[in-house]
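Right, one structure below, let's go through it.
Where a number appears in this text, it was derived from the coordinates with a stated rule and is not lab data. Worth saying up front: this structure is predicted, and the values here are computed from it rather than measured. Here Cβ is always computed from backbone atoms with ideal geometry, including for glycine, and neighbour counts include all displayed protein chains.
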Amino acid sequence: MSAINCGGCGQPSTNKCARCKIQHYCGRVCQTNHWAKHKSECKYLYIEHALQRVAHILQDTFLKFLENTWNHPLDKVVTTPNETFLYLGTKTEETLIEFPHGLMDDEETKMAVLTAGPSVNPTALFKDLLEGLLKDLDVKVEELTVVLGTFPRRTRLVLPNGATSPGVSNPKHDLISLSSNKTGRQWVFDLCGSQVGLYKPFWKFEDYNRRYVHSIHHRRPLGLNRWMLSEHAKLKGYEGVNLALNFEASISMYEEAKLWETQHVPLTQLPTLPKDQFGETKASLLQALNLRVQNFFRSSNYNERLRSALAYQLVYPEQFKMEREQCAARCCAKVTQSLLESSH
């Protein structure tokens, strides 16, 4: 184990403060002498450590969810120093397919492929799980949309006809914003950052903002993305039914999380468990959630529902177009109202 310098005497040490799990000490004497200085930081570091754990739980859950809902053939994946190209195959039927692990050389490329969709999805799908894990940490949670300036990579789609998407350029990117109710310190969860080469899910806001953000687009209360997803999930065409299936799966997954709590520990306690308990307990939760999602899709009539949705679009194109426009108008009005309320 590598040593970090003791906060008291500066000598190498592998012992940690029992509460925050961050500050190192070589022994009780140094810890006692350093306590007056460390006390004000201990609570902050304790919360930050717990938030980092929550971010990784959510990222791991989201990536497995995306694997379980993979439904588009992929012929190959090509990486260059600054870009990842996804060569899409021809889709012949509406069905879930096994994620093509063999096309990717490393975990980071796999993460980029999985998160190539809208960054709003995890905020909408996992709101209940997020709130359950954060309940006791005394933080304010908001949905934050930023415009990225600089970022390490682009993820681009190559269609079966050879056309290539432009990739992301100054994209609006959805984050989860967290701030301490006591200190005002801020952090962000970026669960879709892999699509632009940002693979870790947890950041201090000032670091993320300085390095990658061109501008803040807007903040809004947690739950608005979920409301908009639920509105789109009411559409009778392919997009709506696909969203509805994912929405239903996320609800089923949270029901499993509540059941898991009764047999293990409350979700609120998971982020602050001792290190020797946390890894195994986290793995148990992730396994339970993963199995629940897999079982949901086995019994969801996935193929039939999507085929019916596509048929609806073909038979009633004008009705489908009108429904989409009405949904977009409702969502636009809701967002505008939310932004006006938050500005007061």
- Query: Looking at the stretch 49-170 from every direction and averaging, what is the projected area of its Cα convex hull in nm²?
  - Reply: 9.2
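With 10 angstrom as the radius, rank Phe189, Phe99 by how many other C-beta atoms surround their C-beta, starting from the fewest. Mind showing how you got there, number by number?
Working: Phe189 25, Phe99 19.
So the residues, fewest neighbours to most, are Phe99, Phe189.
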- Item | Restricting the stretch 138-214 to trypsin sites (Lys or Arg not before Pro) in coil, as DSSP defines it, with at most 14 other Cβ within 10 Å | Lys182
- Message: Using Cβ counts within 10 Å as a stand-in for footprinting exposure, how do Phe65, Phe85 rank, fewest first?
- Response: Phe85, Phe65
- Item | Neighbourhood charge, 11 Å Cβ-Cβ cut-off, centred on Gln337 and excluding it, Lys, Arg +1 and Asp, Glu -1 | +2
- Message: Report, in listed order, any pair from Lys76/Lys234; Lys135/Lys275; Lys91/Lys321; Lys91/Lys334; Lys127/Lys275 with a Cα-Cα distance greater than 30 Å.
- Response: Lys76/Lys234; Lys91/Lys334
- Within the set of other residues whose C-beta is less than 15 Å from the C-beta of Arg324, count the net charge using Lys and Arg as +1 and Asp and Glu as -1. -1
- Message: Kirkwood hydrodynamic radius, the chain, all distinct C-alpha pairs: what's the number in Å?
- Response: 22.2
- Quote the convex hull volume per residue of the stretch 213-323, based on C-alpha atoms, as a whole number of Å³. 160
- Message: Can you show me the helix-derived [θ] at 222 nm for the chain, built from DSSP H runs with n ≥ 4 at -39,500 (n - 2.57) apiece and divided by the number of residues, rounded to the nearest 500.
- Response: -16500 deg cm²/dmol
- Message: Projecting each Cα onto the charge dipole of the chain (Lys/Arg +1, Asp/Glu -1 at the beta carbon, about the Cα centre), which of Leu74, Ala283, Val158 comes out farthest on the positive side?
- Response: Ala283
- Once you charge only the Cβ atoms, +1 for Lys and Arg and -1 for Asp and Glu, what is the size of the charge dipole of the chain about its Cα centre, to the nearest 20 debye? 1040
- Task: Kindly write out, for the stretch 76-93 in residue order, the coupling ³J(HN,Hα) from the Karplus curve 6.51 cos²θ - 1.76 cosθ + 1.60 (θ = phi - 60°), rounded to whole Hz, with x marking Gly and Pro.
- Result: 6, 10, 10, 10, 10, x, 10, 9, 10, 9, 9, 8, 6, x, 7, 8, 9, 7
- Message: With only alpha-carbon atoms in the gyration tensor, what are the semi-axes of the equivalent ellipsoid for the stretch 153-287, in Å, largest first?
- Response: 29, 24, 17
- Note on the structure: For the chain, averaging the sequence separation of alpha carbon pairs under 8 Å that lie six or more residues apart and dividing by its residue count, the contact order in percent is 16
- Task: Amide H neighbours of His217 under 5 Å, at least 5 residues apart or on other chains, H built in the peptide plane: list them.
- Result: Thr145, Val146, Val147
- Query: Where does each of Ser179, Ser215, Ser250 land when they are ranked from fewest to most other beta-carbon atoms within 10 angstrom?
  - Reply: Ser215, Ser179, Ser250
- Query: For the stretch 189-268 and the stretch 307-324, what is the separation of their C-alpha centers, rounded to whole Å?
  - Reply: 27
